[in-house]
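The values are calculated or read from the model by the stated rules, or taken from the named source; none is laboratory data. From a predicted model like this one, the values you see are computed outputs, not experimental measurements. When we count neighbours, we look across all protein chains shown, and the Cβ atoms used for this are built from the backbone with ideal geometry, even at glycine. Calculation scope for accessible area: heavy atoms of the full protein, side chains included, ligands and nucleic acids excluded. Shrake-Rupley method; radii C 1.70, N 1.55, O 1.52, S 1.80 Å.
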Amino acid sequence: MSETTLTNEQIQYPGSRWIALLSLVGCIAALGFFLVGYLGLAPIAACKALGALYFLCLAPGYLLQCGLFRLTSPRPFEGLLSAFLLGLLITPLVWYALCWMDAKWSFLPLVLLCGTVTPVAFGWHRLALRRRKTGPRMFTAHDTPILWLAVAVAMLWSYSLSVVELRDDQAFIMPHGDHSLHVALIGELARGVPAEALPFVAGAKKWAYHDIPDVWCDLVRRATGTDAETAYFHIALPLRYVFLSLACYLALVHRFGRPAALVGVVFTLAVVGYAGHPREAMFSNSLLFYLHSSYPSAFGLVTVFLTTYYVSLIDSADWRVPLLLGSILSVVLLWYKANFALVVAPAVALVSIITLARRRDYRWLLACIGTMIVLASIRQWQLSSADFGQPFIMRPLLFLVWWWDNIIKMPQGWPTTALDHVRLFVERLPSALQWPAVLAVCMIHRFHVGLIAVAFLILGCARTRGGSHRDPAAQLTLLILLFIVVGFVCFPVVEWFTGNVSAANWSLSCALLFPLVGVIVYRTSCRMFRRGRFVAVATSVVLLAAAVANVYALRTRAVWQTRVRHDAISQDLYACYQHIKTSTPNTAVILEPRYTGWTTAGMLTQRRIVLERDDTWRYFYDTTPIRAHVERFYGQVDPESARAILGRYGVDYVVADLSTGWQPPSGELLTMTFRQGDAAVYQVKRDTLASKLID
């Protein structure tokens, strides 16, 4: 990039460097005030959380990207963002590995040393305040809009967040049940990393699950001195939208420029899509709904977008390092969101093979593919020792059969009527053509508007803005979409939850297509504004109407889901859970009567529960004997059996619902430590427990 271009883009008026710095400080302050003033985080914890973003993300990521890999980004600000996100993904893995090797004592000195040395070694003070005509600055006033947009998106999806609401003598648990699961897992990580046991099923030691996002949250919890619930709901959940906004912007800005990238972020995280009813019948942004309930998916998408950015750099002079980093991150997805890795890793491998084979660089091809194989093998070795995992099966077409059977259950409306006619036509086809036709209908039905973005990838994004080279990021996106479509036929499935893997990749396709739809809208609008006053006015009216409709859809169809309650318990029982959380040792084991439904007790107490959410976990682990023992204890149980059950599971405290008529089996066995209304907490006298196990 020439010096003149740098001057025009980055320095357009006197004092712009100070405006950039003030804008950066303002973004950080706005995010801090939101965490403190709206979400109720303690001011000192908010300051520690923002400081942790530097020490755990930016500094180590910059040292790794610019020091170890010596990668130079086209713009310094892009280098900052990519380094920040790289540190976000790599630091938890380093912490986990050090804990596994019993060397966690070295983590804090390394982080502090990295945070101290990195800015001095790379001259950040000179880059930030560099004067005109001496080279590019680290960031300019033109770079700060994405920071404000990221903060705004985090506020949009977090302002209505509430964990528990007390009304009508009940405690309503508001977050989606998967969030309560993650809080329980983070509470277990507080007792040690790696986790020694699963906190919701007694006897289960290790889960075959992408748990590194929880490890990152636990790192933040340790840095801020908060508990698992506060770190998760008041820090990790809002910040994930900041990370995702920055990652989406980074994947677009190098290819389409700043304004188009900003519009792409808005379309990805704030545009609902078709706002009518039913939402299943038209192209809607299912990513919004999926992100709300799936915490690891945000980290998975950050990894996908960062991989896309690195791949987009392989048309530059220094193309080897970006390709290697993209290859590494595509497999790191196995630790963050394995469902995405099923399509992203093969796509990156294919791009590596095509790119390096063309250039006849077979040594670097061996390095990229070999690194992917080694990392995948490590992850497979790690998961092979798990005793708690989903039983995947290979059954081609099962997802399509499930989808085809369920489209007739949609609410009535003109899209459903049209599908009925299509269904009749497909069922009259020869048997050999029926399932290919079903796949085609499925793709058109779900992605008909998104197919415009696919055409844009093929016709427009196949070359860069200069038009002289093919766009490797567009090729990668097309390959990922192709693997998603193929996966709808042959993805592994969970027999009791057929749409699990496919639903995740459906949302991934939205994350890939909606940013491009935003780019298309931006470019089309710019052309229309140049065609005369009448066309410009008409375009403005259409855009304004679309914006108003989207705001209405956001309010009524998307953001409102953050206010849906997912569980309800009595306030008496809630008080018991709070007593356990504040007045019992962190290592206590709890026996409680609500062993089905959501993991409410594990979230609210942050202690190990003998059995919870049994209606789900029975598909992962043989919970039959545990459930029988819990039912037996809360039924008509004699003192000897009660003593044996408590001893078998190492129970420290028992939660009881006295309204059912339950009475402690023996006064010598249990001592009441807390009671409110019809709910009580009993402490187990451990010296009276039987040493033998029950049958």
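In this structure, does Asp178 turn out to be out of contact with any Leu (no Cβ under 6 Å at 6 or more places or on another chain) and without any contact (Cβ under 8 Å) to a residue 40 or more places away in the chain?
Taking the combined requirement at face value, the residue does not satisfy it.
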message: Tyr274 - would you say it is modelled with pLDDT of 85 or more, of a type in the set (Ser, Thr, Tyr) and surrounded by fewer than 23 Cβ atoms within 10 Å (Cβ to Cβ)?
response: no
Here the qualifying pairs (Cβ atoms under 8 Å; residues six or more apart or on different chains; first in the stretch 630-642 and without any contact (Cβ under 8 Å) to a residue 12 or more places away in the chain and farther than 16 Å from Val684 by Cβ; second open to solvent by 30 Å² or more (accessible area, probe 1.4 Å) and outside any loop (DSSP other than H, G, I, E, B)) come out as none
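Okay, residues lined up against (1) over 29 Å from Ser286 (Cβ atoms); (2) part of a helix (DSSP H, G or I):
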| residue | (1), (2) |
| --- | --- |
| Val542 | no, yes |
| Leu554 | no, yes |
| Arg557 | no, yes |
| Arg565 | no, no |
| Asp572 | yes, yes |
| Ala575 | yes, yes |
| Thr582 | yes, yes |
| Ile590 | yes, no |
| Ala601 | yes, yes |
Checklist line | Filter pass, His234 being part of a helix (DSSP H, G or I), open to solvent by less than 20 Å² (accessible area, probe 1.4 Å) and out of contact with any Ser or Thr (no Cβ under 6 Å at 6 or more places or on another chain) | finding: no
Reported set for the stretch 671-688 where residues are open to solvent by less than 30 Å² (accessible area, probe 1.4 Å) and at pLDDT below 90 is none
Within the stretch 305-343, the residues that are of a type in the set (D, E, K, R) and in a helix (DSSP H, G or I) are Asp315, Arg320
Exactly one of Pro175, Pro238, Pro213, Pro199 is within 30 Å of Gly257 (Cα to Cα) and not aromatic (Phe, Trp, Tyr), and that residue is Pro238
Residue pairs qualifying under the 9 Å Cβ cut-off, at least six apart or on distinct chains, with the first in the stretch 516-538 being open to solvent by less than 30 Å² (accessible area, probe 1.4 Å) and the second being of a type outside the set (Gly, Ala, Ser) and not in a helix (DSSP H, G or I), are Leu516/Cys461; Val517/Val271; Val517/Val449; Gly518/Val271; Val519/Cys461; Ala536/Arg530
By residue number, the members of the stretch 616-661 that are within 25 Å of Asp678 (Cβ to Cβ), part of a loop (DSSP other than H, G, I, E, B) and modelled with pLDDT under 90 are Gly635, Gln636, Val637, Asp638, Gly661
Check your understanding: Yes or no: Glu165 without any contact (Cβ under 8 Å) to a residue 60 or more places away in the chain and not hydroxyl-bearing (Ser, Thr, Tyr)?
Key -> no
Only unsatisfied item for Arg360, checking (1) under 30 Å from Ala503 (Cβ atoms); (2) not in a helix (DSSP H, G or I), is (1)
Can we say Ile626 is out of contact with any Leu (no Cβ under 6 Å at 6 or more places or on another chain) and open to solvent by less than 50 Å² (accessible area, probe 1.4 Å)? no
Looking across the stretch 30-50 at residues that are open to solvent by less than 30 Å² (accessible area, probe 1.4 Å) and assigned to a helix (DSSP H, G or I), the single one that is nearest to Ala121 (Cα to Cα) is Ala49
